[in-house]
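The values are calculated or read from the model by the stated rules, or taken from the named source; none is laboratory data. Everything numeric here is computed off the predicted structure, so don't read it as measured data. Here Cβ is always computed from backbone atoms with ideal geometry, including for glycine, and neighbour counts include all displayed protein chains. When the accessible area is computed, the model is the full protein with side chains, heavy atoms only, and any ligands, DNA or RNA have been set aside. Shrake-Rupley method; radii C 1.70, N 1.55, O 1.52, S 1.80 Å.
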Amino acid sequence: MKNKSDKSRIFKNTIIVTSASILEKLIFFIISVIIARFLKIEQYGEYTTALEFATFFSVFTNIGINQTLIRAINIEPQYEREHFTNNLIIKTFLAITVYLLLVISLFFTNYNTNTIYLTLIFGFVRIGNEFLVSFYALNDAKEHFNIQAIFTSLFSLSFLGSTIIIILLKGNYFHFAITRSILVIFFLTIILIYTFKFIKLKYNSQTLKKFLKETIPFTLSIFYSNIIQRTNIIILSLMHGPIYSGIFNNGYLFYLSLQFIPLNLQRVLIPFLYKIPYKDNKDKFQFTFDIFSKYLSIISIYIMIIMFFFSRDIILTIFSDKYKDSIEVLRIISFGIPFFFLWFTSISIITSLDKQRIVSYIMGIAVIINIIANLILIYFYKTKGAAFSTIITTFSIFLLSNLYLSMKKFIKIKPVIIIYGKLALTSIFIFLIHHYFLTDLSVIFSFIIINMVYLIIIFLLIINRHDIRILKEIIGLKKD
């Protein structure tokens with residue numbers, strides 16, 4: 001990635017999607033906290049159970065067709081209208097099918113009446129969100145990331161405003177769900193009008209068949225990812241009841257909220273790398289892997305350290321002491337964050353190499369590991385078991401994806417392994433400092449000292465002049 005314009009474009013796009021996602025994730029995090037504190041613990045458990053159950057099903061209205069759309073438009077831009085039409089046709093069929101399956105599946109749960117009604121409403125909301133994502137994918141394919149930034153920001157702000165109004169009027173969790181469905185309908189209408197000003201639908205049976213065929217590898221990956229991300233809460237609620245879902249969700253929420261960091265980098269990287277032939281640009285792929293692995297590891301290890309040492313203060317301050325059982329969930333799950341962040345880079349590289357089938361194989365193995373770990377660990381350890389199974393699953397994806405890139409010699413991973421080793425030793429060193437010197441200090445002083453130590457070590461052992469030069473080139477402060 002020696003071309004300065006490439007670096008600048010990636011940096012600009014990353015800033016756009018990251019800024020919008022930070023705002024969106026922050027607002028939805030605030031909304032979750034407000035609702036958690038407003039509702040009783042039993043009601044919050046029912047609310048989160050219904051939301052996660054509906055989300056689990058709604059994701060199957062995507063099954064990779066948005067990723068296929070991005071790939072198809074970048075590879076065959078002359079068929080943009082046909083590919084977008086194919087996306088909407090398939091999604092509409094899937095939406096109807098998935099909602100019917102959601103309704104049928106509720107007969108086989110032990111959920112109470114309120115949880116079932118909430119699930120039905122959230123099913124509509126989540127499927128509506130998936131249609132919104134299809135329109136965002138069209139713009140992502142053309143690297144028009146500002147469109148989604150605007151719509152997601154306005155949607156999240158509207159939901160926050162309506163949540164505050166409902167609480168002031170002393171509403172209930174049905175009001176939260178219904179209001180969200182109304183907002184989805186409104187924003188879907190607006191983006192429909194906006195999009196069809198610039199693109200007209202065009203049906204072609206040949207491109208539809210080809211589109212469906214190319215969707216299959218992405219379908220499996222989305223299917224597997226959905227299972228990995230949602231089954232812990234579903235199994236937890238079915239085995240031990242919705243109260244445990246609420247307790248686990250408050251720790252898991254931090255884990256999911258941080259997803260925007262690697263996910264946005266993936267959104268920027270894949271459309272960019274799709275346009276680059278690997279055989280002629282191996283150095284760009286290596287550069288991308290090295291840089292993003294390095295910076296994501298620095299960020300994720302820092303987040304892990306902070307969450308582990310200050311989990312008690314974070315949970316009690318944000319959610320109050322009625323969710324004190326969530327402290328151990330957050331503390332355990334913090335160890336999964338580095339693996340979670342880093343597998344996004346390796347999976348993005350594999351996807352950009354047009355090896356989506358390999359991604360589906362990796363995710364398929366991870367699903368088997370995930371289900372087995374969840375069933376065993378949740379049965380014996382409840383919320384802590386769900387947290388442990390998350391770590392095991394993310395580590396398996398990280399390990400398998402990196403092994404594939406290394407064994408097939410697409411990427412040299414030795415340089416980043418050295419960085420991982422240095423950061424692991426840094427974590428151990430900070431743990432020892434905290435254990436022997438900081439346990440009796442106040443939270444503020446402990447936080448300041450840990451930050452200072454981490455920053456010093458990073459600049460002494462990890463960051464070098466090459467990194468600073470690259471950053472300057474990316475943001476345009478230094479000429480090539």
Note to self: So with the 1.4 Å probe, I'd like the accessible area per residue for the chain, rounded to whole Å².
What the structure shows: 46
Checklist line | Among 111, 399, 335 the positive-end extreme of the charge dipole of the chain (Cβ point charges) | finding: 399
Item checked: Magnitude of the charge dipole, the chain, Cβ model with Lys/Arg +1 and Asp/Glu -1, debye to 20 -> 1300
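Using heavy-atom solvent-accessible surface (probe 1.4 Å) with all chains present, what is the largest-first order of 456, 314, 30, 35?
Largest accessible area first, the list is 456, 30, 314, 35.
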Check: Regarding the range 269-354, what are the three Cα extents along the principal axes, ordered largest first, in Å?
Finding: 57, 19, 16
Next item on the list: Can you check what the net charge comes to around residue 114, using other residues whose Cβ is under 11 Å from the Cβ of residue 114 (Lys, Arg +1; Asp, Glu -1)?
Entry: -2
Check: Of the labelled options [x] 64, 59, 41; [y] 82, 54, 41; [z] 79, 67, 50, which one gives Cα extents along the principal axes in Å as computed for this structure?
Finding: [x]
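Normalising by the residue count of the chain, find the relative contact order in percent from Cα pairs under 8 Å and 6+ residues apart. Present the calculation step by step, with values, prior to reporting the outcome.
Values: 572 pairs, mean separation 100.7, N = 480.
Answer for the chain is 21 percent.
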Next item on the list: Return the subset of 284/408; 279/422; 25/91; 282/409 for which the Cα-Cα distance in this structure is over 20 Å, preserving the input order.
Entry: 279/422; 25/91
Notebook entry, point to check: What size of dipole, in debye to the nearest 20, comes out for the range 58-133 about its Cα centre when the only charges are +1 on Lys and Arg C-beta atoms and -1 on Asp and Glu C-beta atoms?
Noted result: 140
Margin query: Charges at C-beta only: +1 for Lys and Arg, -1 for Asp and Glu. How large is the resulting dipole of the range 272-313 about its Cα centre, in Debye rounded to 20?
Written below: 140
Notebook entry, point to check: Just going by the charge dipole of the chain, with Lys and Arg at +1 and Asp and Glu at -1 on Cβ, which of 233, 306, 135 is farthest out on the positive end?
Noted result: 135
